[in-house]
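Each remark here refers to the structure printed beneath this line.
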Amino acid sequence: MRSQAYESSKLYKEKVKNYHDKRILNKDFKPGQMVLLFNSRLKLFSGKLKSKWSGPFKIHEVKPYGVVVLEDPISKD
């Protein structure tokens, strides 16, 4: 009975993983495109109305494996 429950949960987890993996969208960024930057570490600061998005930034360079170099259009930094 215990092994049957283990196999059942294993099959369920595999199905759920396949379901979610099929719905992942790949983003193709191009130099010159304007994007917003999501700050996931903003939880340290209090304030409910503080936005987690900053920008807009201009994409300066796209490197392999999803690395993107951003440029601030105002300060060119």
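The table for this structure:
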item	result
Matching residues in the stretch 51-63 - criterion: being at pLDDT below 90 and either of a type in the set (Gly, Ala, Ser) or loosely packed, with under 10 Cβ neighbours inside 10 Å (or both)	51, 54, 55
Among (1) out of contact with any strand residue (DSSP E or B) (no Cβ under 8 Å at 6 or more places or on another chain); (2) on the phi < 0 side of the Ramachandran plot; (3) at pLDDT below 90 - the single one residue 21 does not satisfy	(3)
Residue list for the stretch 29-50, filter: exposed (fewer than 10 other Cβ atoms within 10 Å of the Cβ) and at pLDDT below 90	40, 41, 43, 44, 45, 46, 47, 48, 49, 50
Residue within the stretch 36-44 that is on the phi < 0 side of the Ramachandran plot, free of Cβ contacts under 8 Å to residues at least 24 places away in the same chain and of a type in the set (Gly, Ala, Ser) present	yes
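The values are calculated or read from the model by the stated rules, or taken from the named source; none is laboratory data. If you're wondering where the values come from, they're calculated on a predicted model, not measured in any experiment. Heads up, the Cβs are rebuilt from the backbone with ideal geometry, glycines too, and the neighbour counts pull from every protein chain shown.
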